[in-house]
Amino acid sequence: MNKYKVLFVAAAMSVGVAAQPVTAKLSVDVAKIVSTVSPMLYGLMTEEINHSYDGGLYAEMIENRTFHSEWNGQPPWDLVRHGEAVAQKSLDRSTGPSETFAYSMKLTVSAASVGNEAGLTNPGYWGYGVRPNTTYSGSLYARVDNSDTGPITIRLINNASGVVVAQTWIALQAGPWTRYEYKLVTGAVAPSIANHLEFTVAHPGTLWLQFVSLMAPTFHKRPNGNRVDLMERMAAMHPKFLRLPGGNYLEGVTVEDRFDWKKTIGPLIDRPGHLGPWGYRSTDGLGLLEFLEWCEDLRVEPVLAIYAGYSLAGTHVATGNDVEPYVQSALDEIEYVTGDTSTKWGAERARDGHLAPFPLHYIEIGNEDYLDKSGSYPARYAQFAEALHKRYPQYKLIATDGNSEYETKVHTDVSEEHYYKSPNDMMDLVNHYDHASRSGPKIFVGEWATRSGSPTPNFGDALGDAAWMTAMERNSGLIIMASYAPLLVNVSPGAMQWPTDLIGLDAGSTYASPSYWAQCLFAAHLGDATVASSINGENKHFFYSATVSAREKVLHLKLVNASSNDQALVLELAGVHGGHTAKMISLHGATFEATNSMRDPNAIHPVQSRVRVAGGRWVHTVPALSIEVIDLPF
Ligand code: AHR
């Protein structure tokens, strides 16, 4: 602000006249390219946290489908006895349908009849998301010693009214363990999540059950796939990659609990699941292949993180012979992802149902290894990097300790960094990369988020995120990839471990946070190069980005006003000629705390309008607490 403007504002305030907005000058020259924008800048990252997968993205609706006795503290299956029925349930460790599930739930029914059924009930992951005219696909393994038990009836029932919203039955054959499939089809029911599932019989007898599953419809009708609504939310973010499988989820609390990819592939009935680092068990129904198919369905590429011998409790595997099996496991994993069917693990992937190799360019070695206070990472990194580089020199390697001096020495192409900040701290960080060295590894901001809202970010967080995205776009010659984290949170009571997650969900719905909308806007309106620009006289918390799509000849302007004063601008747009009516999309919140929620999902949402832009010199005001994205043809 210059001296005269200061005096003017002070004089106006002293006589009680409303303060005039201070005018800043923003100059942009669309003909002067400064640096490239990475074509992979915006991507996705999440992990099994906040019931992101089980009870979230993964379409399985039944909680603890394998009757695991240590299921997240409490097995959710209950005995149900209608009317005069008499029955007992017990975990039977003597029989099951596979070596992994060599145990089962035994139901002993001593009295039952039509109207007096007995069986089991499951509450789902905080309910069952029921929609009208929808088909849900189920399967179960069962064993009966004689067929007198009769059929098993499966009913989806509304918790409050007791009304059966869908039902079917399966005739059980006496004999060995058999897998049965069933469908539940709803009619014109009201959408609801307050439902439970019952499996009952109407005759006395003994029945063993295992791997009892019910899947919601999946994106692209993918078998064993993901929920449609959440995949659509992700697709709308225009992502270019998925960083998988975590996060802390890669490492596990102990080495034993790491993401041991070989235990997450193959037939579901052979996947034991494992204890994740966020306090609950994962079914691993969403295993390595499903992560890759998730990428395929969204047309993004995987950024594959491999376990590098460090787990969260602080244990690490010693380099040399001890870590060698983990190095081999990483090599096998890459072969599973990329190998053709002449390779051992490529053939295994084909047997698992995916003939074609997946695209891969980036491999990350570990996660947050700067937390390994033993100092073992450089040596561990070197052992992994050398083996990976020798076998797969075409892939870029990502290090996670943030030590670029070391990283330049051992095949490090990219350094992965994480930023979780308050709104003010995030805005203070926006110049962090402006003067960073361009001669070392590229940067992958693999986890970042402005955090103050819970369970999902509020508008102040969206402003911090937008400010940070302007910085990443400006520095995208260096920052080649970035992924907000975490992406998903089940907002049901007790489901969340980590507050401030981009998308809220429950058993039936999702809602988008203000930060989600900011990301959709930034990713959908991104050029391939930054152009020369400068600003002066702006409010403290005003930020902008100027990128161009050179071939289409469009300037993408992003204007972020995080202050509580309007920001008047004179835009000097060199190379933008004549008058245009341009598309503008705005996001506005009344306060930093304003937000969206499951109850009020659209309180803050993008609003599209048209603005008349004068090429050369355009006078425009960005309202307080607003994000604007404008596409200007030139
Ligand atoms: O995103 C949540 C966690 O934050 C990740 O698991 C971990 O990498 C980071 O500490």
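Any read-out appearing in this document is the output of simple, stated calculations on the displayed coordinates, not a laboratory observation. The model shown is predicted, which means the values in this text are computed figures rather than measured ones. Virtual Cβ from ideal backbone geometry, glycine too; neighbours counted across all protein chains shown.
Across the chain, Cα pairs under 8 Å and at least six residues apart give a relative contact order of 17 percent. The stretch 450-521: Rg/Rh from Cα coordinates, Kirkwood Rh? Value, to two decimals: 1.03.
Taking the stretch 376-466, which trypsin sites (Lys or Arg not before Pro) meet the DSSP loop condition and have no more than 12 other C-beta atoms within 10 Å?
Passing sites in the stretch 376-466 are Lys409, Arg438.
Dividing the helix sum by the residues of the chain, where each DSSP H run of 4 or more adds -39500 (n - 2.57), gives a mean residue ellipticity at 222 nm of -5000 deg cm²/dmol. Stokes-Einstein diffusion for the stretch 206-297, with the hydrodynamic radius set to the Kirkwood value over Cα pairs and evaluated at 37 °C in a medium of 0.692 mPa s, equals 223 µm²/s. Projected over every direction and averaged, the convex hull enclosing the alpha-carbon atoms of the stretch 256-295 yields 2.9 nm². Straight-line reach from Lys558: which lysines fall under 23 Å, measuring Cα to Cα and dropping same-chain residues less than 8 apart? The reachable lysines, counting only those whose Cα sits under 23 Å from Lys558, are Lys25, Lys32, Lys240, Lys421, Lys540, Lys583.
How many percent of DSSP beta bridges within the chain run antiparallel, rounded to 5?
Around 70 percent of the beta bridges assigned by DSSP in the chain are antiparallel ones.
Take the Cα coordinates of the chain, assign each an equal point scatterer, and use the Debye formula without solvent to give log10 I(q)/I(0) at q = 0.05, 0.07 Å⁻¹. For the chain at q = 0.05, 0.07 Å⁻¹, log10 I(q)/I(0) is -0.27, -0.52. Going by the alpha-carbon gyration tensor, a ≥ b ≥ c the square roots of its eigenvalues, is the stretch 145-232 rounded (a/c under 1.5) or, if a/c is not under 1.5, prolate (a/b greater than b/c) versus oblate? Oblate, because a/c is 1.5 or more while a/b does not exceed b/c. Residue separation of Ser374 and Thr135 scaled by 0.36 nm, minus their Cα-Cα distance, works out to 80.8 nm of gained length. Taking θ as phi - 60° and the Karplus parameters 6.51, -1.76 and 1.60, the scalar couplings of the stretch 203-208 work out to 9, x, x, 10, 9, 10 Hz in sequence order, x denoting glycine and proline.
Label-to-label distance, Ala31 versus Thr341, with points set 7 angstrom from Cα along the beta-carbon direction: 5.7 nm. Built from the Cα atoms of the stretch 521-634, the convex hull projects on average onto 7.4 nm², one quarter of its surface area. Consider a paramagnetic label point 7 Å from the Cα of Ser90 along Cα→Cβ; state which residues of the stretch 107-137 have an amide N under 18 Å from it. Flagged as within label range: 107-111, 119-120.
Using Cα centres only, tell me the gap between the stretch 468-540 and the stretch 565-634 in whole Å. So the two Cα centres are separated by 17 Å. Over every Cα atom in the stretch 319-412, the radius of gyration and the widest Cα-Cα span, Dmax, amount to 14.5, 43 Å. If R0 is 45 Å, the Cβ-Cβ spacing of Asp600 and His432 corresponds to a FRET efficiency of close to 0.85. Among Tyr381, Tyr419, the order by Cβ neighbours within 10 angstrom, fewest to most, reads Tyr419, Tyr381.
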